[in-house]
Amino acid sequence: MEESMKRHSASQKEPRDTRFPILVVDDDHAIRTILSSLLSMMGFQVALATNGHEALDLFAKSRFEFVLTDFQMPGMDGFTLASNIKSSSPKTPVIMITGSDESVVQQRIGKGCVDRVLFKPFKLEDIYESVEVAWTGDLT
């Protein structure tokens, strides 16, 4: 894992010209830490939230390049968070990370609030690729 992060950070020599930070939302401290470290090494500013309600509060106060969120969280799940984000900012990319059953997630995602889904266990390269695609605006 650390080698992968070093490899990607080596290819990113200068800080990115990002206007706004990335919002990372996950109730798991370890996942937030790993994602924050990886994204920082990629040259992004990172804002962290531990749940959907906290994320929506941050989203209302700031602008973000995109949102990377867990699906299953207490209180407000990632799909509800994505729906709220898209209703106020339709062009903000939302990437969801989940360990849930793929068929269940695909049924809910069919409504168009999530731009990309990464299923656990994922590789750091999967995160790296998804973030690059979201940042360049090429999520399809």
Next item on the list: Would you please put 75-85, 33-43, 120-130 in order of how densely packed they are, using the mean number of other Cβ atoms within 10 angstrom per residue and starting with the highest?
Entry: 75-85, 33-43, 120-130
Next item on the list: Return the FRET efficiency for the residue pair His29, Arg63: r is the Cβ-Cβ distance, R0 is 35 Å, and the value is rounded to the nearest 0.05.
Entry: 0.85
Check: Given Cα pairs under 8 Å that are at least 6 residues apart, what percent is the relative contact order of region 41-133?
Finding: 24
Check: Residue farthest toward the positive end of the dipole of region 27-133, with Cβ of Lys/Arg at +1 and Asp/Glu at -1: which of Leu124, Leu35, Ser88?
Finding: Ser88
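Once you have the Cα-Cα distance between Lys91 and Gln45, take 0.36 nm times their residue separation minus that, and quote the gain in nm to one decimal.
Net length gain for the segment: 14.6 nm.
Read-outs throughout are calculated quantities, based only on the coordinates presented, and are distinct from any laboratory measurement. Fair warning: this is a prediction, and the values are worked out from it, not measured in the lab. Heads up, the Cβs are rebuilt from the backbone with ideal geometry, glycines too, and the neighbour counts pull from every protein chain shown.
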